[in-house]
Amino acid sequence: MKHAVFFRHVAVVSLGGLIAKGIGALYRIPLANLLGGYGMGLYQMAYPLFCLMLTFSSAGVPAALARTVAAERAAGKDSGTLKTALRLFAIPGLLGTALMCLLAPAVARWQGDGGLVGCYLALAPAVLLVALVAVLRGYYQGKSDMLPTALSEIVEQIVKAGAGLAFASRFAGDPVRAAQAALLAVTVSELFALFFLAARARGEGRVRLGKRLSVRRPADMGVFFAALPVMAAAALLPLSHMLDSVVIVRLLSRHTAEAVSLYGLFAGSAASLIGLPATVCYGLVAASVPAVAACASRGEEEEARRRAALAVLVTVALAAPCAVGLFVLARPVVALLYPSLTAGEAETLVTLLRLSSVSAASLAGLDTLSACLTGMGKAKCAALSMLVAVCVKFLVQQTLVGDPAWSVYGAAVAANACYLVAFFLDLFYTIRKKRVKGYDHSHRIGRRAGRRNGARTCRGKGGGQSVRAHANASVGAELDGRGDRV
């Protein structure tokens, strides 16, 4: 793939993501006015369980399927991967939807508000829909067709904003029902995104949603098992964020009564701004998987590493200025975006933003490296890197956050350590070449095998001539061995 084509794909996905994010950000302003503080609180409280179900049903599916499709296209095959993936990933989607409905009453009681039960029921069908949408997006990304992903994200946000405001306005005087209606709009938006992508796929003769969702061949499970390492790598970070909400608050509670507020400044404000460069670079993540996977499937490992290095360099080149800008302009950014904060809260957020600014670049680069490793068939390496990084993060948290001298700033340092460790481990696995045994070692093995084969096959009843036998060494090289002299 030429660089111009690669960057065109990047631009399409990035532009679509920016438009979708912009619509979502603007939508929150009138929605907050309609729901009020209590209704908006219910709206936000319903998302952690929803995100947990998404993690186990669809995290990493687009990247895994994109690699499979790209590899098949490079090999000139079309084995019906899309239909297989739809059947397979509908199963965890259905389980996630059912589990969310079953857990809704218990989780609502644990959170202390019965109104959340209706919120969870309104949001539950979206788990299945997101799983199917993720499969279709991954299929198109594997074909290096980024337009359906970009357009579906825009359609999704437009429908969510329009339906959310329309539904919530009907219950403007009832914040509980208004929040439930706004969450129902999320399900409706995913349904429209699924229809949009399915209509495009059906027009190509690739899929029919009316087909029975079943796995017909045991070999079909290969697609699912190929996706498991990618899903594990993609799920580790969201799961660690959920644990952060418990661990950090408990550690802060040892020395301050404002633990929840401090955690909100870190996770709700600083982390949101730090994640913006990664959002801008999302196009590189989506385009890197098929670009690298196509080379890897043809055995062009050097070219795959070269494309991965190019994607990472471009990512860092885009994200590094953003990181510097967040550090230098932290104070005016906080004053502009969060004018309602008290002076003490604003100062805390400024310090958090400056401490965390390095993560703006490392997190964006980490996303691209993880995608490249997936394309190279090394998703297990990405999962291992993230597991090590998360362990480092919790170790740093335990050391610093409970110390009043560090307090919530220790959480920022721990996050920096997590992203940097994962970034450099992924970089190592990306540029590392496969180890090949030395010639001398293989030669000795081949000669011994040749002697054995020659002695076994070349003995005759008479003669006295020397017979040459050939044996393949374990690395595939043809080496010589001498037969016995009779």
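The values are calculated or read from the model by the stated rules, or taken from the named source; none is laboratory data. Quick caveat, the model's predicted, so the values are computed rather than measured. Heads up, the Cβs are rebuilt from the backbone with ideal geometry, glycines too, and the neighbour counts pull from every protein chain shown. Note: accessible area is taken over every heavy atom of the protein model, side chains too, but ligands, DNA and RNA are not part of it. Shrake-Rupley method; radii C 1.70, N 1.55, O 1.52, S 1.80 Å.
Need pairs with beta-carbon distance below 9 Å; first residue of a type in the set (D, E, K, R) and within region 249-262, second at pLDDT 85 or above and not in a loop (DSSP other than H, G, I, E, B); sequence gap 6+ or separate chains.
GLU258/LEU252
Among the residues of region 418-435, is there at least one that is open to solvent by less than 20 Å² (accessible area, probe 1.4 Å) and under 18 Å from VAL247 (Cα atoms)?
yes
Under the condition of being open to solvent by 50 Å² or more (accessible area, probe 1.4 Å) and touching a residue at least 24 places away in the same chain (Cβ under 8 Å), which residue from region 338-369 is farthest from the chain's Cα centre (by Cα)? First the steps, then the outcome.
Taking region 338-369 and keeping what is open to solvent by 50 Å² or more (accessible area, probe 1.4 Å), we get 338-340, 342-343, 345, 347, 354-355, 358, 367.
After this cut, where a residue has to be touching a residue at least 24 places away in the same chain (Cβ under 8 Å) as well, the list is 338, 345, 354-355, 358, 367.
On the way: TYR338: 29, GLU345: 32, ARG354: 26, LEU355: 24, VAL358: 20, ASP367: 7 Å.
Within region 338-369, the match that is farthest from the chain's Cα centre (by Cα) is GLU345.
Among the residues of region 76-121 satisfying the criterion of being open to solvent by 20 Å² or more (accessible area, probe 1.4 Å) and among the polar types (S, T, N, Q), which is modelled with the lowest pLDDT?
Once the filter is applied, the top-ranked residue is SER79.
Would you pick out the residues in region 169-196 that are at pLDDT 90 or above and aliphatic (A, V, I, L, M)?
ALA178, ALA181, ALA182, LEU183, LEU184, ALA185, VAL186, VAL188, LEU191, ALA193, LEU194
Would you confirm, using the coordinates I've provided, whether ALA271 is more than 13 Å from GLY410 (Cβ to Cβ), part of a helix (DSSP H, G or I) and modelled with pLDDT of 80 or more?
yes
Just one of CYS322, CYS381, CYS391, CYS372 is assigned to a helix (DSSP H, G or I) and surrounded by 23 or more Cβ atoms within 10 Å (Cβ to Cβ); which is it?
Sole residue among the options that is assigned to a helix (DSSP H, G or I) and surrounded by 23 or more Cβ atoms within 10 Å (Cβ to Cβ): CYS372.
Identify the residue in region 246-275 that is among the polar types (S, T, N, Q) and open to solvent by 50 Å² or more (accessible area, probe 1.4 Å) and, among all such residues, is nearest to GLU347 (Cα to Cα).
Only one residue fits best here, namely SER261.
Taking ALA287, is it at pLDDT 80 or above, touching a helix residue (DSSP H, G or I) at 6+ places or on another chain (Cβ under 8 Å) and part of a helix (DSSP H, G or I)?
Criteria not met by ALA287.
Take region 132-155 and flag every residue that is surrounded by fewer than 21 Cβ atoms within 10 Å (Cβ to Cβ), over 12 Å from GLU190 (Cα atoms) and touching a residue at least 60 places away in the same chain (Cβ under 8 Å).
Those that are surrounded by fewer than 21 Cβ atoms within 10 Å (Cβ to Cβ), over 12 Å from GLU190 (Cα atoms) and touching a residue at least 60 places away in the same chain (Cβ under 8 Å): LYS143, LEU147, LEU151.
What are the pairs with Cβ atoms under 6 angstrom where one residue, in region 295-324, is of a type outside the set (Gly, Ala, Ser) and the other, located anywhere, is not in a helix (DSSP H, G or I)? Sequence gap at least six, or different chains.
Pairs found: THR315/CYS281; LEU318/CYS281.
From (1) under 22 Å from VAL246 (Cβ atoms); (2) touching a helix residue (DSSP H, G or I) at 6+ places or on another chain (Cβ under 6 Å), pick out the condition that doesn't hold for LEU103.
Only one criterion is unmet by LEU103, namely (2).
Just need a number here: residues in region 160-180 that are within 19 Å of PHE50 (Cα to Cα) and buried (at least 21 other Cβ atoms within 10 Å of the Cβ).
5
Suppose the filter is in contact with a Phe, Trp or Tyr (Cβ under 9 Å, 6 or more places away or on another chain), part of a helix (DSSP H, G or I), modelled with pLDDT under 80 and under 30 Å from GLY16 (Cβ atoms); does MET231 pass it?
Spelling it out, MET231 is indeed in contact with a Phe, Trp or Tyr (Cβ under 9 Å, 6 or more places away or on another chain), part of a helix (DSSP H, G or I), modelled with pLDDT under 80 and under 30 Å from GLY16 (Cβ atoms).
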